[in-house]
Amino acid sequence: MGDIEESVKQEKKVVFVTVGTTLFDALVRTVDTKEVKQELLRNGYTHLIIQMGRGSYTPAKVFFFI
C-alpha cells in the first residue's frame, strides 16, 4: 500500500494556459493571482504553465513543493 501512496503523492497535475501570439494580458494576469493559484492547489494541481505571446504583463515565478 505504501507504493500506491507514494505514486499518488508524486503525481503531477498540470494546468496549461496558452494565449498564442495574441495579447491576452487580462487572462495571464487573472491566472497569476494568488486566489487562482490557491484554488488550483486546493484542487490538487501541482504545476501551472503559462505560455505567453506578445503581452506586456510578466507573471510571477512561483514554485510549489508538494
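Selection of the stretch 14-29 for residues being more than 10 Å from residue 57 (Cβ to Cβ) and exposed (fewer than 13 other Cβ atoms within 10 Å of the Cβ) yields 14, 16, 18, 20, 21, 22.
Among the residues making up the stretch 16-66, those that are in a strand (DSSP E or B) and either of a type in the set (S, T, N, Q) or at pLDDT below 85 (or both) are 18, 51.
The values are calculated or read from the model by the stated rules, or taken from the named source; none is laboratory data. Here the structure is a predicted model, which is why all the values come from computation and not from measurement. Heads up, the Cβs are rebuilt from the backbone with ideal geometry, glycines too, and the neighbour counts pull from every protein chain shown.
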